[in-house]
1. For segment 284-298, state whether one or more residues are more than 21 Å from the chain's Cα centre (by Cα), over 29 Å from residue 55 (Cβ atoms) and at pLDDT below 85.
2. Somewhere in segment 91-112, is a residue modelled with pLDDT of 85 or more, under 25 Å from the mean Cα position of the chain (by Cα), assigned to a helix (DSSP H, G or I) and more than 14 Å from residue 9 (Cα to Cα)?
3. Quick one: which of 126, 142, 115 is surrounded by 15 or more Cβ atoms within 10 Å (Cβ to Cβ) and modelled with pLDDT under 80?
4. Can you confirm whether segment 90-111 contains a residue that is among the small types (Gly, Ala, Ser), buried (at least 18 other Cβ atoms within 10 Å of the Cβ) and without any contact (Cβ under 8 Å) to a residue 60 or more places away in the chain?
5. Looking at segment 19-35, which of the residues that are touching a residue at least 12 places away in the same chain (Cβ under 8 Å) and of a type in the set (S, T, N, Q) is farthest from residue 60 (Cα to Cα)?
6. Taking the condition aliphatic (A, V, I, L, M), touching a Ser or Thr at 6+ places or on another chain (Cβ under 7 Å) and either assigned to a helix (DSSP H, G or I) or crowded, with 19+ Cβ neighbours inside 10 Å (or both), does residue 343 pass?
7. Only one of these is among the charged types (D, E, K, R), part of a helix (DSSP H, G or I) and crowded, with 19+ Cβ neighbours inside 10 Å: 265, 277, 307. Name it.
Amino acid sequence: MAKIDRYVLRQIAAALVSITITLTIVIWLAYSLRYLDYIVNRGLPFGTFVSLIVLMLPQLLALALPIALVCAVLFTYHRLIAESELVVLRASGLSDLRLALPALALSAMVMLLVALLNLQIAPTAARSFKDLQYAIRNDFLAVLAQPGVFRTIREGITFHIQGIDEDGQFRGILIHDTSAPPKRVTLMSERGNLIRSDSGPRIVLRSGNRQELDVESGKLSLLYFDQYTMDLGLPAGSGGREWRDFDERDLGDLLSVTAEDVGARNVQKFRMEGHARIVSIAFAPALTSVALAVLLIGQLDRRSFARRVIAAGSLPLALLAISFAAKGLAGKVPAATPLYYLAILLPFAASLYLLLRSRRRTAAPTRPPSLATAAAPAP
């Protein structure tokens, strides 16, 4: 690779890294805010929260990289034309395809990275993410440990605590049990903790009282205790998830699902998600080549290049919109699946053809005028 190629490639790569990090952080924060409830209200350890949001990164990177690459190409080539570097390079004999080569090479690298993310890393991370999320949602301590909140842990039983000590002990516990009418049982204790057993979770209450009211007779009995153990009537364990969503499945699984696996209504939806993973691999080179064709083909001047940059940024966005529309149509009409591929591949092929044609036109030798022609007087 020539020095000029390495120079342009470094410029685009530096912009790509900066834009990708910024874009990923913005999307990442937007998604992670919804999980702050696990820390604020459920007392989830910060390390577990970090693990949860880190598992979101592969999918976010696969989404952000093609868009960030187009932005990096637009930024870099706009700077090159603003500083007249691109004009000098073209004047030195470099064709449009040659000027686009560094960006196309980088788009091929991004394509391989997106393929690795979409086909291997992202499904594995999505499975781990949803398994961890499922475990958090079904963890009894996380469900109960919400100070100041009245929780119905099962039908007829309401649970409330005032706070949690540093050692994990519940403080100010109130349990109201109406699951066995006509009796109503209310337990109050100063402290307590949750324990697990083979039959299910139990709570051990210390220094409290148990009030039992018979609604029919109006009789109230009161019992003071130093320690009292209550079975919460919940299952012993949360078990594993049997259902796997489309983002957790491998490509082969998505393309080969049957009605018995996911239901007749979901077969085409899952298969289209498999096709979407394949098409998304081509996003980086396709969007980049379209932007480059708009930027480079034709005369380069500062006055019109700003309009070119706007057009080069708008056209890939329009291409993405058309692709998503084709995906939606193919999700309802299986026969329209080839349109989904064509929506990306046709603009990709057309832009490469235009760049190649421009190279041939630029590289075509021009015949110098003869001396007789040069000396002949103009009519």
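1. Yes, segment 284-298 has at least one match.
2. Yes, there is a match, as at least one residue in segment 91-112 is modelled with pLDDT of 85 or more, under 25 Å from the mean Cα position of the chain (by Cα), assigned to a helix (DSSP H, G or I) and more than 14 Å from residue 9 (Cα to Cα).
3. 142
4. There is no residue in segment 90-111 that is among the small types (Gly, Ala, Ser), buried (at least 18 other Cβ atoms within 10 Å of the Cβ) and without any contact (Cβ under 8 Å) to a residue 60 or more places away in the chain.
5. Across segment 19-35, the extreme among qualifying residues is 32.
6. Yes; evaluated as a whole, the condition is true for this residue.
7. Among 265, 277, 307, only 277 is among the charged types (D, E, K, R), part of a helix (DSSP H, G or I) and crowded, with 19+ Cβ neighbours inside 10 Å.
Matching residues to (1) assigned by TED's automatic domain parsing to the domain that holds residue 313; (2) over 20 Å from the mean Cα position of the chain (by Cα); (3) closer than 30 Å to residue 169 by Cα:
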| site | (1), (2), (3) |
| --- | --- |
| 16 | yes, no, no |
| 36 | yes, no, yes |
| 70 | yes, no, no |
| 73 | yes, yes, no |
| 83 | yes, yes, no |
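The values are calculated or read from the model by the stated rules, or taken from the named source; none is laboratory data. Since this is a predicted model, take the numbers as computed values, not measurements. Every residue, glycine among them, receives a Cβ derived from its backbone with ideal geometry; neighbour counts consider all protein chains shown.
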